[in-house]
Amino acid sequence: MHLDRDVTPDYPMSWQARALTGLMHGTFKPASHLLLRHSLALDAAARLGELVKLVPVGTPEHVRVAPAAFSACDGEWLRAGRRLDEGKVLLYLHGGGYFSCSPRTHRSITWRLSVVARRPVLALDYRQGPVHNLADSLADALDAYDCLLERGYDASDVIIAGDSAGGHLTLATLLALRDRSLPLPAAAICLSPWADLTDHPRRDNRWQDPMLAAGRVRWLARRWTSGLDPCDPLVSPVLGDFTGLPPLMIVTGSTEVLRDEAHRVAVRAREGGVPVTYEEWPRMPHVFPILADVLPEARLAFRHMAGFLAVAAGVEGPVTEGEVAA
């Protein structure tokens with residue numbers, strides 16, 4: 001398998017995906033149009049997120065979850081699958097637009113990443129808005145990475161991954177580590193990364209995206225970049241120089257409103273000499289791997305991630321369909 005390649009998986013769209021994208025078009029997208037228009041909506045979402053942390057989240061019996069604490073934030077360790085190498089780790093940064101979600105909401109991703117990476121996953125509960133800002137989130141990610149190194153992990157035994165806003169944070173973390181001349185991880189995976197926070201209108205897929213409203217993404221970008229330079233690569237990583245970064249895997253859906261910036265990240269990284277595996281899945285919604293409990297395409301995506309990690313990070317052993325099934 002070559003690391004530097006573009007992939008368009010040629011699978012027939014499952015009935016589950018057809019049903020789910022249709023449901024999203026009629027529910028989630030109109031709701032975001034209605035709610036994400038005022039800062040009070042972000043406050044309410046953040047408070048709801050705190051309540052969600054009190055609700056039990058089911059995981060398969062073979063998945064082990066344990067709390068983790070850091071200087072400014074918390075998180076959780078997840079272990080799943082066979083032959084885990086405890087001397088290696090994957091640091092996961094969840095999505096949610098920098099104002100919602102948590103490691104608990106993304107367990108369907110993180111336990112499967114533990115399987116395909118053959119190592120424990122540390123899912124970080126980094127600080128988010130509206131109380132905190134992008135700098136706080138980045139500081140937490142850098143602090144967690146530094147703590148891992150202090151605990152004896154070699155940088156070459158660390159993988160960083162994230163989705164959506166967490167994909168943004170993954171890229172910003174890599175750029176910040178490189179700029180500070182700190183050791184870099186072996187590889188990184190970005191699922192539907194939100195990489196451009198400049199105030200440009202998103203026209204591609206604005207009608208086709210079943211989940212995200214282009215105008216609401218732009219509204220969030222304006223809010224989080226208030227008082228900042230949106231062209232700073234740590235704010236809009238798509239504008240950064242990727243020279244010296246480790247191999248990247250970028251997974252996106254062909255009808256996503258964020259697809260264009262995900263592809264631009266791949267182009268920008270290749271210009272800097274970084275090998276990129278760019279996968280654009282036909283008609284899949286934003287961060288579709290989180291739906292692996294119900295979508296066959298999402299489970300296949302994790303097997304593709306296993307192939308990337310086998311080459312980029314030396315992960316041994318193929319992953320079967322059964323290992324990433326719920």
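For the reader, a short list of remarks on this structure follows.
- Residue list for segment 206-224, restricted to those being farther than 22 Å from THR252 by Cα and free of Cβ contacts under 8 Å to residues at least 40 places away in the same chain: ARG222
- Segment 106-142, residues that are under 19 Å from PHE308 (Cα atoms), of a type in the set (Gly, Ala, Ser) and free of Cβ contacts under 8 Å to residues at least 60 places away in the same chain: SER114
- Residue that is farthest from the chain's Cα centre (by Cα) [pool: residues in segment 156-199 that are among the hydroxyl-bearing types (Ser, Thr, Tyr) and buried (at least 24 other Cβ atoms within 10 Å of the Cβ)]: THR173
- Failed item in (1) under 26 Å from HIS263 (Cα atoms); (2) at pLDDT below 95; (3) surrounded by fewer than 20 Cβ atoms within 10 Å (Cβ to Cβ), with VAL131 passing the rest: (1)
- Condition check for TYR153: touching a residue at least 40 places away in the same chain (Cβ under 8 Å), out of contact with any Lys or Arg (no Cβ under 8 Å at 6 or more places or on another chain) and either buried (at least 24 other Cβ atoms within 10 Å of the Cβ) or assigned to a loop (DSSP other than H, G, I, E, B) (or both): no
- Restricting segment 1-17 to residues that are within 23 Å of the chain's Cα centre (by Cα) and part of a helix (DSSP H, G or I) leaves a set whose member that is surrounded by the fewest Cβ atoms within 10 Å (Cβ to Cβ) is GLN16.
- Among residues of segment 259-287 that are on the phi < 0 side of the Ramachandran plot, those with a beta-carbon under 7 Å from a residue that is part of a strand (DSSP E or B) and of a type in the set (Phe, Trp, Tyr) at least six positions away or on a different chain give the pairs HIS263/TYR278; ALA266/TYR278.
- Residues in segment 169-205 that are under 21 Å from PRO275 (Cβ atoms) and of a type outside the set (A, V, I, L, M): THR170, THR173, ARG178, ASP179, PRO183, PRO185, CYS190, SER192, PRO193.
- When residues of segment 125-150 are limited to those that are part of a loop (DSSP other than H, G, I, E, B) and within 17 Å of the chain's Cα centre (by Cα), the one farthest from GLY227 (Cα to Cα): TYR126
- Residues of segment 56-81 classified as touching a residue at least 40 places away in the same chain (Cβ under 8 Å), surrounded by fewer than 17 Cβ atoms within 10 Å (Cβ to Cβ) and more than 12 Å from ALA144 (Cβ to Cβ), total: 2
- Any hit, segment 91-105, residues being free of Cβ contacts under 8 Å to residues at least 40 places away in the same chain and either of a type outside the set (A, V, I, L, M) or more than 26 Å from PHE288 (Cα to Cα) (or both): yes
- Residues that are among the polar types (S, T, N, Q) and either touching a Pro at 6+ places or on another chain (Cβ under 6 Å) or surrounded by fewer than 24 Cβ atoms within 10 Å (Cβ to Cβ) (or both) within segment 88-113 comprise SER100, SER102, THR105, SER108, listed in sequence order.
The values are calculated or read from the model by the stated rules, or taken from the named source; none is laboratory data. Please read all numbers here as calculations on a predicted model, not as lab measurements. Note that each Cβ is placed from the backbone with ideal geometry, even for glycine, and that neighbours are counted across all protein chains shown.
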